[in-house]
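Enquirer: Let me give you the structure first, and then I'll get to my questions.
The values are calculated or read from the model by the stated rules, or taken from the named source; none is laboratory data. Here the structure is a predicted model, which is why all the values come from computation and not from measurement. Here the Cβ is made from the backbone with ideal geometry for all residues, glycine too, and neighbour counts use every protein chain on show.
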Amino acid sequence: MPKTAITPTRMVLNQQKTRLKMATRGHKLLKDKRDELMRQFFEVVRKNRELRTRVEEGLTEAFSALSVASAIMSPEMLEQAILYPRQSVELQMSFKNVMSVNVPVYDFKTKTADTGDIYPYGFAQTSGELDDALGTLSRVFEDMLELAQVEKTMQLMAQEIEKTRRRVNALEYVMIPECQENIKYISMKLEENDRSSKVRLMKVKDMVLEKAHNFKY
Amino acid sequence: MLKIAVIGSRETVMGFKALGLDAVPAANAEEALAAFKRLTRDSDNYAIIYVEETYAKALSAEIDKFKDSPTPAIILIPGREGSLGLGQSALQAAVERAVGSDIL
């Protein structure tokens, strides 16, 4: 018996059949989508892991250089040196469609193109360690930007995969079996109706014959 | 034009300020939370927010809100004390979400 009440008619049977066909097709398509998303997702994950290690290493290096610089220079001097940054970063963001997931693509422009021009202070009163620290930091920053892009992509893809996976499972384990059960139920019911009407006709025929010709088996 | 912000302790964000990012110093977790809320309120302005790992725990509820929206991207970075491994665990969480189990 199907879970929901359905009327066993030919029309509903046809409806259920088209639904089953649609569900099977959708299931196949979604499964393909999930598989492809999964493949790309793992590429992103691999890249993310690589970038993260690189960024973490780079940042540790930059911070330790910065620590040395702050040990050599007085806090006021350090503060003063980087108080007014010369560099400014402008970010352009566009979206790329990867398997119906909109992932961000960052494109950044710095105000001064020259990477040697990042130091917002004169070299006379600051220590060389500060230059090293900022140099390392600006190099790491490019990786950090890529990391942001990759990590966001990864999160968005994970969400999409989860959604697709749920849909695939819902179709496979709920929708399709339900349809099949309904179809079976209706066709059995229809056959049963056929048989009963045939029996009834035979009975009526017998009765008519008996009345007209007193015929009896 | 979009901007990038860094939330962290004073020493951490100092260097990023020189690079031209918006540095948001926070002395403790409450300050970081307040700063984070302020930055995300007008999320059209900030495309990326880097958050120091030390404050990540206090902000995790807020950070999770932005997991599914395309902007802003919230990225954890290690602080001065080195990596706490929270960034890696974010990666693992994403994999677990996608696959259904932790396979890494």
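Enquirer: If you check B:Ala18, B:Ala34, which single one turns out to be modelled with pLDDT of 85 or more, out of contact with any strand residue (DSSP E or B) (no Cβ under 9 Å at 6 or more places or on another chain) and farther than 28 Å from A:Asn102 by Cβ?
Expert: B:Ala34
Enquirer: Right, here's the next one. Condition first: within 26 Å of A:Asp131 (Cα to Cα) and of a type in the set (D, E, K, R). Now tell me which residues in region B:16-60 satisfy that.
Expert: B:Lys17, B:Asp22, B:Glu52, B:Glu53
Enquirer: Would you tally the residues in region A:41-51 being over 19 Å from A:Glu142 (Cα atoms) and within 10 Å of chain B (Cβ to nearest Cβ)?
Expert: Looking only at that region, the number is 2.
Enquirer: Right, something else. Could we say that A:Lys163 is under 25 Å from B:Tyr50 (Cβ atoms) and either out of contact with any helix residue (DSSP H, G or I) (no Cβ under 9 Å at 6 or more places or on another chain) or at pLDDT below 90 (or both) here?
Expert: Here the answer is no, as A:Lys163 does not meet what is asked.
Enquirer: Sticking with this structure for a sec: Which number in (1) part of a helix (DSSP H, G or I); (2) among the charged types (D, E, K, R); (3) within 10 Å of chain B (Cβ to nearest Cβ) marks the one condition that A:Arg54 misses?
Expert: Unmet condition: (3).
Enquirer: From the list A:Leu13, A:Leu37, pick out the single residue that is more than 10 Å from every other protein chain (Cβ to nearest Cβ), part of a helix (DSSP H, G or I) and closer than 30 Å to A:Cys179 by Cβ.
Expert: On inspection, the qualifying residue turns out to be A:Leu13.
Enquirer: Identify the residue in region A:128-157 that is polar (S, T, N, Q) and touching a Leu at 6+ places or on another chain (Cβ under 9 Å) and, among all such residues, is farthest from A:Ile82 (Cα to Cα).
Expert: Checked region A:128-157; the qualifying residue farthest from A:Ile82 (Cα to Cα) is A:Thr136.
Enquirer: Additional query: Of the residues that sit in region A:92-106 and are facing chain B (nearest Cβ under 8 Å), touching a helix residue (DSSP H, G or I) at 6+ places or on another chain (Cβ under 9 Å) and within 30 Å of A:Leu29 (Cβ to Cβ), which one is surrounded by the fewest Cβ atoms within 10 Å (Cβ to Cβ)?
Expert: A:Asn102
Enquirer: Hey, another quick one. Quick one: which of B:Ala32, B:Ala58, B:Ala5 is out of contact with any Lys or Arg (no Cβ under 8 Å at 6 or more places or on another chain), surrounded by fewer than 21 Cβ atoms within 10 Å (Cβ to Cβ) and either touching a residue at least 24 places away in the same chain (Cβ under 8 Å) or not β-branched (Val, Ile, Thr) (or both)?
Expert: Answer to the selection: B:Ala58.
Enquirer: Still on this structure, please answer the following. How about region A:71-91: which of its residues are facing chain B (nearest Cβ under 7 Å), at pLDDT below 80 and buried (at least 18 other Cβ atoms within 10 Å of the Cβ)?
Expert: Listed by number, the residues that qualify are A:Ile82, A:Pro85, A:Gln87, A:Val89.
Enquirer: Oh, and also: Assuming A:Gln155 fulfils every condition listed in (1) polar (S, T, N, Q); (2) surrounded by fewer than 20 Cβ atoms within 10 Å (Cβ to Cβ); (3) touching a strand residue (DSSP E or B) at 6+ places or on another chain (Cβ under 9 Å); (4) at pLDDT 75 or above apart from one, which condition is it?
Expert: The number of the failed condition is (2).
Enquirer: So, one more: With A:Arg195, A:Arg139, A:Arg165 as the choices, which residue is more than 30 Å from B:Asp22 (Cβ to Cβ), in contact (Cβ under 8 Å) with a residue 60 or more places away in the chain and out of contact with any strand residue (DSSP E or B) (no Cβ under 9 Å at 6 or more places or on another chain)?
Expert: A:Arg165
Enquirer: For region B:72-86, name all the residues that are within 7 Å of chain A (Cβ to nearest Cβ) and surrounded by fewer than 23 Cβ atoms within 10 Å (Cβ to Cβ).
Expert: Of everything in region B:72-86, those that are within 7 Å of chain A (Cβ to nearest Cβ) and surrounded by fewer than 23 Cβ atoms within 10 Å (Cβ to Cβ) turn out to be B:Arg80, B:Gly82, B:Ser83.
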